[in-house]
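*Asks:* Have a look at this one.
Read the figures in this text as sums done on the coordinates, not as results from a lab. Since we're looking at a predicted model, the values are computed, not measured. Cβ: placed from backbone, ideal geometry, glycine included. Neighbour counts: every protein chain shown.
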Amino acid sequence: MTPDPPSAAVATIVAADAVDKLDALAVISRTLGAPVRGGGTASPTIAVADGLWIQIDIPKFGEPPPLAIDVHAVAGLAAARREAIELMRRLADATDWTLTPAFPHEPAEAATFERPTEPR
């Protein structure tokens, strides 16, 4: 994978769950149908489309979650945020993760996404 283009914008989603980086990459890859590139390196990515990719930032040693999911877009900040919101929606359907955007957004656009629990 080539280095991040200097003009790439980033929108971050926070997963406030105990998920390790390898598992998170596998889940996102499976959810999007896109392979992990650079697995086994310090900076694996998931290439979603041309000029659009995902990386995961893990907490420093000994820190608890959250896990930061960075959506990079060469097309700019609006594109990165739009794709991050779409990723949140897809992950909310596929996981039980609690996801929150780490960027300003419209309340109707995205809130904290959490899979509803079954009634008792």
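*Asks:* Going through region 18-98, which trypsin sites (Lys or Arg not before Pro) have at most 12 other Cβ atoms within 10 Å and a DSSP loop state?
*Replies:* Listed in order of number, the matching sites are 60.
*Asks:* Full-extension gain between residue 17 and residue 68, please, as 0.36 nm times their residue separation minus the C-alpha to C-alpha distance.
*Replies:* Separation in residues times 0.36 nm, less the Cα-Cα distance, equals 17.3 nm.
*Asks:* Let me ask something else about it. If each Cα of region 5-52 is one equal point scatterer, what is log10 of I(q)/I(0) from the Debye formula at q = 0.15, 0.17, 0.25, 0.29 Å⁻¹?
*Replies:* -0.45, -0.58, -1.16, -1.29
*Asks:* By how many nm would the segment from residue 50 to residue 96 grow when fully extended, if each residue of separation counts as 0.36 nm and the alpha-carbon distance is taken off?
*Replies:* Contour length minus Cα-Cα distance gives 13.7 nm.
*Asks:* What length, rounded to one decimal in nm, is gained on full extension from residue 37 through to residue 78, with 0.36 nm per residue of separation minus their alpha-carbon distance?
*Replies:* Between residue 37 and residue 78, full extension yields 12.3 nm more.
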